[in-house]
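The values are calculated or read from the model by the stated rules, or taken from the named source; none is laboratory data. These numbers were taken from a predicted model, which means no experiment stands behind them. Ideal geometry is used to build each Cβ from the backbone, glycine not excepted, and the neighbour counts take in all protein chains shown. In case anyone asks, the SASA skips ligands and DNA or RNA and just uses the protein heavy atoms, side chains included. Shrake-Rupley method; radii C 1.70, N 1.55, O 1.52, S 1.80 Å.
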Amino acid sequence: MSEVKLTVQTRTEFGKGAARRIRRANQVPGVLYGHGSDPIHLTLPGHDLLLALRTPNVLISLDIDGKSTELAIPKAVQRDPLKGFLEHVDLQLVQRGEKVNVEIFVHTEGELAPGGNLLEHVLNALPVEAEATHIPESVSVSVEGLEAGASILAKDIALPKGTTLAVDGDTVVLQVLAAQAEEPAAEGAEGEEAAEA
């Protein structure tokens, strides 16, 4: 798991106008919360934060005003729906050795059995509990040779050491569906003509 260092400043201005000024300066407003402490309102460097968020469940080391260093993970990221730029980020305070609940991506490997079957991702991300400094980015699952009707449950997925499920083990993560055969349109048209006659 990668750890990214960001130099951030506390902020004292709030509201839409202040947020717009922060964004115009290529920075992102954010809030750091957790462990029962008061929320800390921050201004984060926009480009560096954007790069950091490319890694799922990234661990961020925050140098706050050059006075203290805190570890955090992103909990909520708001983006502009049209342009995609970061509008706001919520960060959760974590400590080394602490267990946190996160979602990790499920990647599939292999080919389904022949026959035009379809793979449905019931869960794209698997809820797990892991140590804050050792959160896996993803898990891989083999779907090699699976036929229609087969499913993979959460308990069937091999998790990295130190990571446990945060969802019922019988939860369906992936399932294989039979391809739906479309009825030929010609038959329907002939039936209509016969009914009209």
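Under 8 Å between Cβ atoms, at least 6 apart or on separate chains: pull out the pairs that start in the stretch 10-26 with a residue that is closer than 12 Å to E87 by Cα and in contact (Cβ under 8 Å) with a residue 24 or more places away in the chain and end on any residue that is open to solvent by less than 100 Å² (accessible area, probe 1.4 Å) and part of a loop (DSSP other than H, G, I, E, B).
So the pair list comes out as R23/F85.
Specify the residue that is farthest from T55 (Cα to Cα); the eligible residues are those in the stretch 153-177 that are assigned to a strand (DSSP E or B), open to solvent by 20 Å² or more (accessible area, probe 1.4 Å) and of a type in the set (V, I, T).
V172
Taking T55, is it in a loop (DSSP other than H, G, I, E, B), open to solvent by 70 Å² or more (accessible area, probe 1.4 Å) and farther than 16 Å from E87 by Cβ?
In short, no.
Determine whether the stretch 74-82 contains at least one residue that is open to solvent by less than 60 Å² (accessible area, probe 1.4 Å), in a strand (DSSP E or B) and either out of contact with any Pro (no Cβ under 8 Å at 6 or more places or on another chain) or farther than 25 Å from K161 by Cα (or both).
There is at least one residue in the stretch 74-82 that is open to solvent by less than 60 Å² (accessible area, probe 1.4 Å), in a strand (DSSP E or B) and either out of contact with any Pro (no Cβ under 8 Å at 6 or more places or on another chain) or farther than 25 Å from K161 by Cα (or both).
Would you mind stating whether T10 is touching a helix residue (DSSP H, G or I) at 6+ places or on another chain (Cβ under 6 Å), farther than 16 Å from Q92 by Cβ and open to solvent by less than 70 Å² (accessible area, probe 1.4 Å)?
No.
If E147 passes every condition in (1) modelled with pLDDT of 85 or more; (2) of a type outside the set (A, V, I, L, M); (3) open to solvent by less than 70 Å² (accessible area, probe 1.4 Å); (4) part of a loop (DSSP other than H, G, I, E, B) but one, which one does it miss?
Of the numbered conditions (1) modelled with pLDDT of 85 or more; (2) of a type outside the set (A, V, I, L, M); (3) open to solvent by less than 70 Å² (accessible area, probe 1.4 Å); (4) part of a loop (DSSP other than H, G, I, E, B), the odd one out for E147 is (3).
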